[in-house]
Amino acid sequence: IVIMEIEVNDNVFNEVYIPYLFSYDERNYRYLVLLGGAGSGKSVFITQRTILRILREKNHRILVVRKVASTLRHSVYKLFKSIIYEWGLEKLFTFSDSYLTIKCNVSNSELVFLGIDNAEKLKSIAGITSIWIEESTELTETDFNQVNLRLRGKEKAHKEVILTFNPISETHWIKKRFYDTYNEDVIRLKTT
């Protein structure tokens, strides 16, 4: 795979996820739901996929959330930085460790990391083109609905909400909402 004349070998990715690398190019859906055990690679894959996406496409503003803001710095924010450096792309990005943002300088795209525990900051976020909810089972359905509302507007980019989580209770709202009924707006993948 060549992105902006930077080659990323297929062996960088867990092969089970490769069909989902550019799935937003291939069909119209709103939700990508990844269920998997600890160590199944879902967070690494979504981080890799998001980096590729903001290198390929201009003017994204992608929101990355967890229930508690303080968990972001040492989890997904750190993972993004780690993979960007591992791929030797750090010169293409600007990192704001204090505000927890990462800007892709070549595409004018931005990653914004926020916790749901500060609802007022979430309400003021505009221009979001996609959302990744890491450990989405931590959120209540009300939390999810508030996050989901951030994904609106006239931006031309494919708008998607990505949920990643470990196996859940049979009574959890995610199971009821995304698994118990068929919905053509949802792509689901279960990994181990």
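Per residue, the chain reaches -7000 deg cm²/dmol at 222 nm when only DSSP H runs of four or more residues are counted, each adding -39500 (n - 2.57). Loop-located chymotrypsin sites (Phe, Trp or Tyr not before Pro) in region 22-107 (DSSP state other than H, G, I, E, B) with a sparse environment of at most 10 neighbouring Cβ atoms within 10 Å: TYR99. The length gained by stretching the chain between ASN118 and ARG152 to full extension, at 0.36 nm per residue less their Cα-Cα distance, is 10.2 nm. When both bridge partners sit in region 92-192, DSSP labels roughly 60% of those beta bridges antiparallel.
If you take every DSSP beta bridge whose two residues both sit in region 63-120, what share of them, in percent to the nearest 5, is antiparallel? Just about 65 percent of them are antiparallel. 3J(HN,Hα) couplings calculated from phi for region 102-107 with the Karplus curve 6.51 cos²θ - 1.76 cosθ + 1.60 (θ = phi - 60°) are, in sequence order, 10, 10, 8, 5, 7, 10 Hz; Gly and Pro show x.
Hey, which of these cross-link pairs are over 21 Å Cα-Cα: LYS78/LYS123; LYS42/LYS190; LYS81/LYS103; LYS58/LYS121? Beyond 21 Å between Cα atoms: LYS78/LYS123; LYS58/LYS121. Applying 1/(1 + (r/R0)^6) with R0 = 22 Å to the Cβ-Cβ distance of GLU86 and LYS190 gives a FRET efficiency near 0.25. Note on region 146-192: with neighbouring protein chains present and a 1.4 Å probe, carbon and sulfur make up 51 percent of its accessible heavy-atom surface. Stretching the chain fully between VAL12 and ARG56 yields a gain of 14.1 nm (0.36 nm per residue, less the alpha carbon separation). Ligands, DNA and RNA are left out, and with a 1.4 angstrom probe the accessible area of the chain is 50 Å² per residue.
In the chain, the DSSP beta bridges split such that about 30 percent are antiparallel, to the nearest 5.
The values are calculated or read from the model by the stated rules, or taken from the named source; none is laboratory data. Computed from a predicted structure; not experimentally measured. With ideal geometry, Cβ positions are generated from the backbone for all residues, glycine too; neighbour counts draw on all protein chains shown. In case anyone asks, the SASA skips ligands and DNA or RNA and just uses the protein heavy atoms, side chains included. Shrake-Rupley method; radii C 1.70, N 1.55, O 1.52, S 1.80 Å.
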